1. LEU58 - would you say it is modelled with pLDDT under 95, at negative phi and in contact with a strand residue (DSSP E or B) (Cβ under 7 Å, 6 or more places away or on another chain)?
2. Determine whether THR193 is surrounded by fewer than 18 Cβ atoms within 10 Å (Cβ to Cβ), among the hydroxyl-bearing types (Ser, Thr, Tyr), within 21 Å of GLN294 (Cα to Cα) and in contact (Cβ under 8 Å) with a residue 12 or more places away in the chain.
3. Would you tally the residues in the range 212-240 being of a type in the set (D, E, K, R), surrounded by 15 or more Cβ atoms within 10 Å (Cβ to Cβ) and in a loop (DSSP other than H, G, I, E, B)?
4. I'm checking my understanding of the structure. Among residues of the range 241-271 that are charged (D, E, K, R) and surrounded by fewer than 13 Cβ atoms within 10 Å (Cβ to Cβ), which one is nearest to PHE283 (Cα to Cα)?
5. Identify, please: which residue in the range 73-82 is touching a helix residue (DSSP H, G or I) at 6+ places or on another chain (Cβ under 9 Å) and of a type outside the set (S, T, N, Q) and is, among those, farthest from LEU5 (Cα to Cα)?
6. Of a type in the set (Ser, Thr, Tyr), surrounded by 19 or more Cβ atoms within 10 Å (Cβ to Cβ) and at pLDDT 95 or above: which single residue out of SER284, SER274, SER280 fits that description?
7. What are the residues in the range 141-168 that are closer than 21 Å to PHE322 by Cα, at pLDDT 85 or above and out of contact with any helix residue (DSSP H, G or I) (no Cβ under 7 Å at 6 or more places or on another chain), if any?
8. Report whether or not ASP84 is surrounded by fewer than 17 Cβ atoms within 10 Å (Cβ to Cβ) and in contact with a Gly (Cβ under 8 Å, 6 or more places away or on another chain).
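The values are calculated or read from the model by the stated rules, or taken from the named source; none is laboratory data. This is a predicted model, so every value here is computed, not measured. Backbone-built Cβ (ideal geometry, glycine too); neighbour counts: all protein chains shown.
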Amino acid sequence: MSSALFLVQTPLHVQNACEAIPVFGITQSVFFIVHSKNNEKWLAQINELLPENVNTLLCERDDHDIEGCIKEYSERISHLKTYDFDFVFLGDARLYIFVDCVNALANKNTFLMDDGALTITTMHSLKTHGVYYPLGKSTNIERTEQIEKVKRKYGLWDMKHTPYNLFTIFDFPSSQAIRVVKNPLQSIRYTHTNTDPQSVLFLGQPLGNGRFCSNDMYNRLMERIVNYYSDKRFLYLPHPRETEEQVAQLKGFKNLCVIETSMPVEHFVMTLDSVPHTISGFFSTALWNIAKFQTGLHVEAFRIDSSNYDDAVLQRKSRNGFLSDFDANELCYEHFALRLKVIEGIV
């Protein structure tokens, strides 16, 4: 019998955890779920995906209440130390809650699961710099000092780093630096036999509000893409983090139909009697998943030209720490081209 702790925050994390259970022969699981009140959609999807007969611990993330948040998860760590886990899996190596849990438990069988396409830049950093990425620090000096003070109070400061192995959907080999176990994603393997060649399903992403570009620029990009598919029915599936205001602006587009689902898109397309033959988007990991694990569909990614990013984004460091957001996205497109069509010159 093998036991495991899964540190998760998104539906994708849970999906990967469910895949790890049979691969690693895990019979007892504890899911430590980090939840933000700002994203109830994710919590609903997580609850739908959770396996039966697993123990769960819920931890609310509130970046505005540093003391309360750190106190809560430090108490969870004390509880988790009473277990003797054979494995520990984390869904995001940049989320301080997960990093502190992993370092406090110091389990030699710790595996980093995919957090979207971030794995691509993580492996680039490991190969180029010998580390996953530098430790993140807040640009707000007062906040940094407050975090350090609270972490010292609860014994979570300056802990020894626990090295990770990797459980991934991407095609990276094992090396001396990291052990790689392939994620087979059995839950979404599917062959589509009834597709609609006159329809396109586009996967939205929360790129506006200055995250990568302005809302107006995002709308202009979408307008070009809708025009690119002008002879087809265009279905737009919003990302859970897109705001209602952003989606409402797209609803005014001619030939664009917004659809909603509480399911991850990889599962959603498996439920359709007739699925759009073309699945497209920007750099959503779901594009890679559908291209690799499902057959019968045509998958496309639109590469965003540097001229369409906000100037600050071209210089801003990504969550990777070594790369700019733009360079990180370019790495994703390079990797995506191994399995799907990357379209250039449209956006």
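1. For LEU58, the condition - modelled with pLDDT under 95, at negative phi and in contact with a strand residue (DSSP E or B) (Cβ under 7 Å, 6 or more places away or on another chain) - is met.
2. Details: surrounded by fewer than 18 Cβ atoms within 10 Å (Cβ to Cβ): yes; among the hydroxyl-bearing types (Ser, Thr, Tyr): yes; within 21 Å of GLN294 (Cα to Cα): yes; in contact (Cβ under 8 Å) with a residue 12 or more places away in the chain: yes.
Against the criterion (surrounded by fewer than 18 Cβ atoms within 10 Å (Cβ to Cβ), among the hydroxyl-bearing types (Ser, Thr, Tyr), within 21 Å of GLN294 (Cα to Cα) and in contact (Cβ under 8 Å) with a residue 12 or more places away in the chain), THR193 qualifies.
3. The qualifying residues number 1.
4. Ranking the qualifying residues of the range 241-271, first place goes to GLU260.
5. Checked the range 73-82; the qualifying residue farthest from LEU5 (Cα to Cα) is TYR73.
6. Being of a type in the set (Ser, Thr, Tyr), surrounded by 19 or more Cβ atoms within 10 Å (Cβ to Cβ) and at pLDDT 95 or above holds for just one of SER284, SER274, SER280, which is SER280.
7. The answer is PRO163, TYR164, ASN165, LEU166.
8. Numbers: surrounded by fewer than 17 Cβ atoms within 10 Å (Cβ to Cβ): yes; in contact with a Gly (Cβ under 8 Å, 6 or more places away or on another chain): no.
So ASP84 fails the test.
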